[in-house]
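The values are calculated or read from the model by the stated rules, or taken from the named source; none is laboratory data. What you see is a predicted model, and the numbers here were worked out from it, not measured in a lab. Counting neighbours? That spans all protein chains shown, and the Cβs are built from the backbone with ideal geometry, glycine included. Heads up: the accessible areas ignore ligands, DNA and RNA and are worked out on the full protein's heavy atoms, side chains in. Shrake-Rupley method; radii C 1.70, N 1.55, O 1.52, S 1.80 Å.
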Amino acid sequence: MEIKVEKGDLARHPAKAVIVNLFEGVGKPGGGTGAVDRALDGAIGQLIADGEIKGKKNELTLIHTLGKLPTPRVLVAGLGKQTQFSLDTVRDITGTALRRLRGAAATTVATIVHGAGIAGLEAEACAQAIAEGAMMGLYRFDRLKKPEEDQKRIDSVTLVESDESKLEALKRGVERGRILGAAANHARDMANEPSNLFTPAIMAERAQALAKDAGLACQVLDREEMEKLGMGALLGVAAGSAQPPKFIILRHRGNERNKGTIGLLGKGITFDSGGISIKPSAGMERMKGDMSGGAAVISAMWALSKLEAPVNVTALIPACENMPSGTATKPGDVLRAMNGKTIEVINTDAEGRLILADAICYARNENLSPLIDVATLTGSMQIALGPAATGFTATDDALAEALVKAGQAAGERMWRFPLIDEYRTSLKSTVADIKNTGNRYGGAISAAKFLHFFAEDTPWVHIDMAPTDSVDKDKGAFVKGATGIPTRTLVHLVLALAGKGADSPGFRGN
Ligand code: BES
Ligand code: MN
Ligand code: ZN
């Protein structure tokens, strides 16, 4: 799909459909919507007067132009209340409107630049949100399905702007939005794949292909190398599976003057059956997405490289399956992590923290800082937050604040949880340095405390994305299935840390 920027007049555009917009409570449309309304002899104004169009958020009204305009159809998209308007609305309304028009067989669409007019948002940011909304909202995972006979697609989306002075900014925004939207879609592609077609080895191959496309260095460690490094926690999780584990490393070097390197770590469990502590079968298929954290990290690295981010970042993705078998780790077994610390495995279903423990050890050996890990770690976080936010913990307030801001920029809400030491006591083991599970209550926090035991004093944020890894229905820029969260947040966060250079939280520059 092409996304273009053109100078011109929407009312004269020949696309198969044209999108205009309306805030709630506006009686007489202005700007681009007003121009289209005049060309339609006041049809939009009439529908407003009749009470059919109210401008409510996500309200869509399709009007046939019957030869009055070069385009056969105009879609009026409601933006909701102007006081609540934001870039999130732009992203979401774009996704919703384009899905509707794809269903109506419009192959080319021209759109008003939502927000850049009276709402007063920056033109570049609006264009970026439109491009993200288009890329993400039209996403489909259909490669395993027989194509429908009348499979519909949108070939081009054109942002039409009459003000010449805004065109360059719009083009820059579209370029960024395309990269960010594509990155989220790469993450969704990986998470939507079934586990039989997306083993750790295949995940490593996908990482290699994306690295090649973006010019990143990629290295994949296999079981023998992990044994040499002493990654006993990761190998303990992989022990029950016939699929060999892979430890994926991606490197982006965007700042040769500064040696400091940020670490992005992602959980890469390509299927989580629970292992010997097996999960109930209802809903277990969801656990093909237990590598969503790793997918987000790989995709964020791809975007950072495409955006030529002026910063050094190393990504570590421990990838394996968590399966029961005669060779699987059993409750009560003790594993030794790469840093020599011993772990008593109480529940083999608490496997994400085990593989991340070794990834954190590896990151600390490489002197990466700050560390940002991303994982579908606990059902407890999902129960705490529901689907509207992703939970996180942080050892550093400035880093926490930067993450919340990055989430706002991406339209991916981030909510901080406390990292109180008291939760560590439930992880005391009589036979090892730590147990892998503690109390049921506050399970998301004790999971974070487990990781904290390995991160030690390295500035660190832990993102538990179990609440938001997937959605069960289409909504705005998201479609049923994997969300690609928090890929775009990670990109914003790393760029923000880079912008602040050596002063940024936890960044060990020298
Ligand atoms: N991958 C799961 C967590 C999860 C649950 C992700 C629901 C997405 C949706 C994780 O490995 C897990 O099984 N966690 C256990 C930990 C428990 C055994 C302490 C959980 O949360 O139940
Ligand atoms: Mn598990
Ligand atoms: Zn898991």
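Let's see how each residue does on (1) touching a strand residue (DSSP E or B) at 6+ places or on another chain (Cβ under 9 Å); (2) open to solvent by 10 Å² or more (accessible area, probe 1.4 Å); (3) outside the structural domain of residue 191 (by TED's automatic domain parsing); (4) not in a strand (DSSP E or B):
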residue: 77; (1), (2), (3), (4): yes, no, yes, no
residue: 120; (1), (2), (3), (4): no, yes, yes, yes
residue: 130; (1), (2), (3), (4): yes, no, yes, yes
residue: 169; (1), (2), (3), (4): no, yes, yes, yes
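The one condition from (1) assigned to a loop (DSSP other than H, G, I, E, B); (2) over 16 Å from residue 487 (Cα atoms) that residue 139 does not meet is (2). Of (1) within 22 Å of the chain's Cα centre (by Cα); (2) within 16 Å of ligand 3 (Cβ to nearest atom); (3) buried (at least 20 other Cβ atoms within 10 Å of the Cβ), residue 301 satisfies all except one. Which? That leaves (2) as the condition not met. For the range 440-467, the candidate set comprises residues that are in a loop (DSSP other than H, G, I, E, B) and within 25 Å of residue 314 (Cβ to Cβ); within that set, the residue that is most open to solvent (accessible area, probe 1.4 Å) is 457. Of all positions in the range 313-324, at least one carries a residue that is within 15 Å of ligand 2 (Cβ to nearest atom), open to solvent by 10 Å² or more (accessible area, probe 1.4 Å) and of a type in the set (A, V, I, L, M).
Does the range 382-403 contain any residue that is within 13 Å of ligand 2 (Cβ to nearest atom) and hydrophobic (A, V, I, L, M, F, W, C)? No, every residue in the range 382-403 fails to be within 13 Å of ligand 2 (Cβ to nearest atom) and hydrophobic (A, V, I, L, M, F, W, C). When 191, 204, 238 are screened for being in the same structural domain as residue 476 (by TED's automatic domain parsing) and within 30 Å of residue 126 (Cβ to Cβ), only 191 passes. Residue 280 passes every criterion in (1) out of contact with any Ser or Thr (no Cβ under 9 Å at 6 or more places or on another chain); (2) within 14 Å of ligand 1 (Cβ to nearest atom); (3) farther than 26 Å from residue 485 by Cβ apart from (3). Flag not set for residue 169, criterion: within 17 Å of the chain's Cα centre (by Cα), small (Gly, Ala, Ser) and over 19 Å from residue 477 (Cα atoms). When the test is whether a residue is under 23 Å from residue 354 (Cα atoms), open to solvent by less than 40 Å² (accessible area, probe 1.4 Å) and in the same structural domain as residue 356 (by TED's automatic domain parsing), residue 296 passes it.
Can we say residue 369 is surrounded by fewer than 24 Cβ atoms within 10 Å (Cβ to Cβ), touching a residue at least 60 places away in the same chain (Cβ under 8 Å), under 22 Å from the mean Cα position of the chain (by Cα) and within 13 Å of ligand 1 (Cβ to nearest atom)? Answer is no for this residue.
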